[in-house]
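One structure below.
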Amino acid sequence: MHSKLADVGLTIFSQMTQLARQHGALNLSQGFPDFPAPLALKEALTKHVMADANQYAPMTGLPALREQVAALIDRCYGASVCPENEITITPGATEAIFCAIQALVHPGDEVIVLDPCYDSYEPSVRLAGGITRHVPLDEGFAPDWEAFAAAISDRTRLVIINSPHNPSGAVFTKADLDQLAALTESRGIHVLSDEVYEHLVYDGLQHHSVLAHPQLYGRAVVVSSFGKSFHVTGWKTGYLVAPPALSAEIRKVHQYVSFCAPTPLQWALVDFMQQHPEHVEELAAFYQAKRDRLCAVLADSRFSFAPAAGTYFQLVDYSAIRDDLDDVAMARWLTEEKGIATIPLSVFYQNPPEGQRWLRLCFAKTAETLDRAGELLCKI
């Protein structure tokens, strides 16, 4: 059989989680909370399941949930989007990203991604027949706009950006979005903005959404995640927002990939978002406290780091500990020998920088888990 993705195997996230289970290691690799979802959200789900809201939802999502998303966007960004024609509920943000790429990218089109980047982007582009052009971020994980401009060609169809940024935690500035608009507007290049960590921005910084940037939104798709924002990654429910013409094309793909997101999950989210608007408003402080706790317990370790500006991931440099090991080997060594699982940064690159010694830790964890992580890492 001729594979379309011959060089693609099990994702690093699944690999490290499996390795953690095999060795009984503390798992800070895969990005999921180890604390309970909000009680009111779980109770709402139970209510709707027991009320038999268990059949297909509309393909584009429950109207009530799309209205809640539109209201949230207006509150957060002062942007007005149409619930009927611009918002689509999907079973997970990754599915939204996949459908957007399949709708926009034609065989031979080029797609620019900024390395390091989430691992689903390139396989999705390849399955659409596109060609991925990787442009590295700078040493501080900010865009290198000169390198970006040099990568644009007559075949560039789409640019994929991600802020707050997984895996680095960096956050785009308003000036970054302005630069992106200036470099792509005359060519009509589409923008796919992965904003799944939009509410997880710290230290008084602001998330600058493409939704609030008129020069970009007219040719953009913005993707976000209920799973990330409501501590329910296993619900695999997200959404995309795009102008009506783009939404119509993406929905053509979505209806043949999954058709709709699970009905009772959508109803539960409607209830919770209506009754607890403060949840999203409190997310930044909630996760900043966890970031600060992890950084505090690592203060006496041999790892070096700068606190993440966003997401629920923290990068740490281990070069003072085992500079003889590349990051993949280091991640395995930590899991097998030291009892703690992490993610190597190099897997997010096409061509990792020579000698880079970074690991990614997830701090969407209980205080007990973070304290235990500190104990393990400070012994190394």
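No value in this document is a laboratory result; all are computed from the given coordinates. Since this is a predicted model, take the numbers as computed values, not measurements. Reconstructed Cβ throughout: ideal geometry from the backbone, glycine too, with neighbour counts over all protein chains shown.
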Open item on the list: 5 Å is the cut-off here: which amide hydrogens, built 1.01 Å from N in the peptide plane, fall below it relative to D115, excluding neighbours closer than 5 in sequence?
Closed with: V135, L137
Task: Computed lengthening from M50 to H2, 0.36 nm per intervening residue step minus Cα-Cα distance - done: 12.7 nm
Open item on the list: Apply the Karplus curve 6.51 cos²θ - 1.76 cosθ + 1.60, θ = phi - 60°, to the phi angles in segment 205-217 and return the couplings in whole Hz, x for Gly and Pro.
Closed with: 6, 10, 7, 9, 8, 4, 4, 9, 10, x, 5, 9, 4
Task: Separation in nanometres of the label points that stand 7 Å from Cα toward Cβ, at A182 and D317 - done: 3.0
Task: For segment 276-287, 3J(HN,Hα) per residue [Karplus equation, 6.51 cos²θ - 1.76 cosθ + 1.60, θ = phi - 60°, Hz, x = Gly/Pro] - done: 9, x, 5, 4, 5, 5, 9, 4, 4, 5, 4, 7
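Shape call for segment 176-235 from the C-alpha gyration tensor, a ≥ b ≥ c root eigenvalues: rounded (a/c under 1.5), prolate (a/b greater than b/c) or oblate?
Because a/c hits 1.5 or more and a/b fails to exceed b/c, segment 176-235 counts as oblate.
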- [ ] May I ask for log10 I(q)/I(0) of segment 242-380 at q = 0.08, 0.12, 0.13, 0.22 Å⁻¹, from a Debye sum over the Cα atoms as equal point scatterers with solvent left out?
- [x] -0.36, -0.70, -0.77, -1.25
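In whole Å and largest first, what semi-axes does the C-alpha gyration tensor of segment 50-130 yield when each eigenvalue is scaled by 5 and square-rooted?
Details: eigenvalues 167, 62, 29 Å².
Square roots of five times the eigenvalues give 29, 18, 12 Å.
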Open item on the list: Which one, Y256, Y197, Y217, has the greatest fluctuation when you compute a Gaussian network model over the chain with C-alpha springs under 10 angstrom?
Closed with: Y256
Task: Span per principal axis, largest first, for the Cα atoms of segment 146-205 (Å) - done: 39, 19, 18
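With 15 Å as the cut-off, how large is the P(r) tail for segment 216-256, expressed as percent of Cα-Cα pairs? Could the numbers behind the result be given before it?
Details: 405 of 820 pairs.
That fraction is 49 percent.
Structure shown: which of K174/K290; K290/K379; K42/K174 lie over 28 Å apart, alpha-carbon to alpha-carbon? Before the final figure, lay out each step's value.
Values: K174/K290 26 Å; K290/K379 21 Å; K42/K174 37 Å.
Flagged as over cut-off: K42/K174.
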Open item on the list: With the cut-off at 1.5 for a/c, could you classify segment 141-252 from its C-alpha gyration tensor as rounded, prolate or oblate?
Closed with: oblate
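Please compute the net charge surrounding Q215, taking Lys and Arg as +1 and Asp and Glu as -1 over other residues with Cβ under 10 Å from its Cβ. Show your work: numbers first, answer last.
Numbers: positive: R219; negative: D178, E185.
Computed value for this residue: -1.
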Open item on the list: Take E278 and E43, extend 7 Å from each Cα along the Cα→Cβ direction, and tell me the distance between the two endpoints in nm.
Closed with: 1.5
- [ ] Figure the gain on full extension for V257 and A175 (residue separation times 0.36 nm, minus the Cα-Cα span) and round it to one decimal in nm.
- [x] 25.9 nm
Task: Rounded to 5, the percent of DSSP beta bridges in the chain classed as antiparallel - done: 45
Task: Gyration tensor (alpha-carbon) shape descriptor, segment 41-278, a/c threshold 1.5 - done: prolate
TODO: Identify which of L211, L192, L19 has the largest mean-square fluctuation in a Gaussian network model of the chain, with springs joining Cα atoms closer than 10 Å.
DONE: L19
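How high is the FRET efficiency between W333 and Q356 when r is their beta carbon distance and R₀ equals 22 Å, given to the nearest 0.05? Present the calculation step by step, with values, prior to reporting the outcome.
Values: r = 16 Å, r/R0 = 0.75.
Plugging the Cβ-Cβ distance into 1/(1 + (r/R0)^6) gives 0.85.
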Open item on the list: Name the residue from F148, A242, L359 whose Cα lies farthest towards the positive end of the charge dipole of the chain, charges +1 on Cβ of Lys and Arg and -1 on Cβ of Asp and Glu.
Closed with: A242
TODO: Name the most mobile residue of I161, I89, I152, meaning the one with the largest mean-square fluctuation, in a Gaussian network model of the chain with Cα contacts below 10 Å.
DONE: I152
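With a sphere of radius 14 Å drawn around the Cβ of E139, what net charge do the other residues whose Cβ falls strictly inside it have (Lys, Arg +1; Asp, Glu -1)? Don't skip to the answer; put the middle values down first.
On the way: positive: R357; negative: D115, D138, D144, D317, E354.
Surrounding charge for E139 is -4.
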Task: Extension gain from C378 to A296, taking 0.36 nm per residue of separation minus the Cα-Cα distance - done: 28.4 nm
